[in-house]
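First the structure, in the form of structure tokens, and then the observations on it.
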Amino acid sequence: MNRLRELRKSKGLTIEELSKELKSRGVNVSSSAIQKYEQNKRNPKIETLERLADYFRVSVDYLRGIDPYKVYVYYSSYGNRTFLVIAKSKKQANKILSNELRFDPYYKLSDFEFTTYPVDEAMIEEL
């Protein structure tokens, strides 16, 4: 979880400050737990990983060091409409699309095909 350390430092936070910030958002993670995550001595629960990823606005896979990219672009076509969604996960992309389509009964999310294109920060800025 060295990316956790990188992300924390990029925000200029100490371990204690990150713990307090997370607790203020309803995520009960002690500073000692964060330190163990950063030292790879302990793995966070998936719920904690998701909340950390949300806080830093990155994907869980990026946070875990599996993926070199922070977000994904989901490209979906349905009927005569095309959607390009920038999201951290397919779940988040579905949520964005469902908000877009909730007033249009013609479209069903189950009908969408998703193609994932990994992007880095420079590419996001261009979008």
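Sort through R51, R81 and tell me the only one that's at pLDDT 85 or above and at negative phi.
From the options R51, R81, the qualifying one is R51.
Within the range 1-37, track down each residue that is in a helix (DSSP H, G or I) and hydrophobic (A, V, I, L, M, F, W, C).
Taking the range 1-37 and keeping what is in a helix (DSSP H, G or I), we get 2-10, 15-24, 31-37.
If the condition is that a residue be in a helix (DSSP H, G or I) and hydrophobic (A, V, I, L, M, F, W, C), then L4, L7, I15, L18, L22, A33, I34 are the ones that fit.
Checking the structure you have, find out if any residue of the range 39-60 is farther than 27 Å from I86 by Cβ and outside any loop (DSSP other than H, G, I, E, B).
no
Out of all the residues in the range 34-66, which are aliphatic (A, V, I, L, M) and surrounded by 16 or more Cβ atoms within 10 Å (Cβ to Cβ)? Quick ask: steps written out before the conclusion?
Our first condition is that a residue be aliphatic (A, V, I, L, M); within the range 34-66, this holds for 34, 46, 49, 52-53, 58, 60, 63, 66.
Result: I34, L49, L52, A53, V58, V60, L63.
The values are calculated or read from the model by the stated rules, or taken from the named source; none is laboratory data. Please read all numbers here as calculations on a predicted model, not as lab measurements. Backbone-built Cβ (ideal geometry, glycine too); neighbour counts: all protein chains shown.
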